[in-house]
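A.B. asks: A single structure is presented below for examination.
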Amino acid sequence: MHGSGLAATYAFLAARSNSASSERLTQAYRAVAQQIRTHLADKGLVAADLATGAEPGVHREMLSALGDMDWAAYARAGREVGVLFSWLRRLADAVYPNTRTENTKTEPELPEGGRGR
C-alpha cells in the first residue's frame with residue numbers, strides 16, 4: 001500500500017458515512033466519498049463502476065483500487081482529489097460566505113494519527 005494520505009482520507013470518509021452523529025453528516029460524508037470516486041473514475045484513475053457502486057462494498061473496492069495503484073498513479077490521484085477539495089471549498093465559501101469563523105480558517109484537526117495541530 002502507498003503512503004496514507006488519500007487512502008486514509010477515503011477510509012475516514014467511508015467509516016464516517018456509516019457512523020456520523022447525525023443523518024445530515026452521514027449524507028455529507030457519503031456525498032464526499034461519492035465525489036472522490038466519481039472524480040477519479042472520470043479521470044480514468046479508477047474503474048468507472050466505482051463511481052456508481054453500492055455502499056458499503058464500494059468502499060472496500062475503492063480502497064483496494066487505491067492500494068493497487070503504482071506510485072505515479074497514486075500521486076496523480078492524490079493531486080486530483082486535492083483539486084476537487086479546493087474546488088468544493090471555494091464553492092462552499094461562495095455559497096455560505098458568512099459561516100466561516102476564524103477557527104475554521106486554520107487547519108482542522110484530523111483523526112488520530114493524521115496531520116494536524
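A.B. asks: Report, by residue number, each residue of segment 72-117 that is farther than 20 Å from Met62 by Cβ, open to solvent by less than 70 Å² (accessible area, probe 1.4 Å) and at pLDDT 80 or above.
C.D. replies: Passing the criteria: Ser86, Ala92, Asp93.
A.B. asks: Can you pull out every residue in segment 16-42 that is hydrophobic (A, V, I, L, M, F, W, C), free of Cβ contacts under 8 Å to residues at least 12 places away in the same chain and open to solvent by 40 Å² or more (accessible area, probe 1.4 Å)?
C.D. replies: Leu25, Ala28, Ala31
A.B. asks: Test each condition in (1) modelled with pLDDT under 95; (2) out of contact with any Ser or Thr (no Cβ under 8 Å at 6 or more places or on another chain) for Ala48 and report the one that comes out false.
C.D. replies: Going through the list (1) modelled with pLDDT under 95; (2) out of contact with any Ser or Thr (no Cβ under 8 Å at 6 or more places or on another chain), Ala48 breaks only (1).
A.B. asks: Shifting gears a bit: Contact list please: Cβ distance under 7 Å, first residue in segment 88-106 and over 22 Å from Gln35 (Cα atoms), second residue at pLDDT 50 or above, pairs at least six apart or on different chains.
C.D. replies: From segment 88-106, the pairs are Arg100/Asp93.
The values are calculated or read from the model by the stated rules, or taken from the named source; none is laboratory data. None of these values were measured; they are calculated from a predicted model. Neighbour counts are summed over all protein chains in view; Cβ atoms, including those assigned to glycine, are modelled from backbone coordinates with ideal geometry. Heads up: the accessible areas ignore ligands, DNA and RNA and are worked out on the full protein's heavy atoms, side chains in. Shrake-Rupley method; radii C 1.70, N 1.55, O 1.52, S 1.80 Å.
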